[in-house]
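What follows is a single structure, written as structure tokens, with notes after it.
The values are calculated or read from the model by the stated rules, or taken from the named source; none is laboratory data. Everything numeric here is computed off the predicted structure, so don't read it as measured data. All Cβ positions, even for glycine, are placed from backbone atoms using ideal geometry, and neighbour counts span all protein chains on display.
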Amino acid sequence: MASWHDGAPPPLVVPPLPEQPRSTHPPRILFLYGSLRERSFSRLLAEEAARVMAGLGAEVRFSTRMSCR
């Protein structure tokens, strides 16, 4: 049997997950960004990521640091 000392990686053993009921709603994703500038790269990135996730069927919401006060 190979071991770490031989330079071979150990065998990957992944236990099976227990069966659970699947969710009936789409994934819910909250995007946080910290800048209030209109051309903020963090805001633009969050909006683009949200567009992609919404296109995949996710429910998307936004929050800024200022709205958390």
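Here is how the numbers come out for the structure above:
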{"read-out": "Count of residues meeting criterion [in a loop (DSSP other than H, G, I, E, B) and among the hydrophobic types (A, V, I, L, M, F, W, C)] in the stretch 23-51", "value": "1"}
{"read-out": "Residue list for the stretch 33-47, filter: of a type outside the set (S, T, N, Q), surrounded by 13 or more Cβ atoms within 10 Å (Cβ to Cβ) and free of Cβ contacts under 8 Å to residues at least 24 places away in the same chain", "value": "43, 44, 46, 47"}
{"read-out": "Filter result for residue 65 (in contact with a Gly (Cβ under 6 Å, 6 or more places away or on another chain) and modelled with pLDDT under 90)", "value": "yes"}
{"read-out": "Inter-residue pairs, beta-carbon under 8 Å, first free of Cβ contacts under 8 Å to residues at least 60 places away in the same chain and in the stretch 5-18, second loosely packed, with under 10 Cβ neighbours inside 10 Å and not in a loop (DSSP other than H, G, I, E, B), 6+ apart", "value": "10/4"}
{"read-out": "Condition met for residue 22 (in contact with a Lys or Arg (Cβ under 9 Å, 6 or more places away or on another chain) and basic (Lys, Arg))", "value": "no"}
{"read-out": "Residue in the stretch 39-47 that is in contact with a helix residue (DSSP H, G or I) (Cβ under 8 Å, 6 or more places away or on another chain), of a type in the set (A, V, I, L, M) and at pLDDT 85 or above present", "value": "no"}
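Listed here are the residues, each with its yes/no results for (1) touching a Ser or Thr at 6+ places or on another chain (Cβ under 6 Å); (2) surrounded by 10 or more Cβ atoms within 10 Å (Cβ to Cβ); (3) among the aliphatic types (A, V, I, L, M); (4) at pLDDT below 90.
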site	(1), (2), (3), (4)
11	no, no, no, yes
16	no, no, no, yes
24	no, no, no, yes
28	no, yes, no, no
31	no, yes, no, no
49	no, yes, yes, no
58	no, yes, yes, no
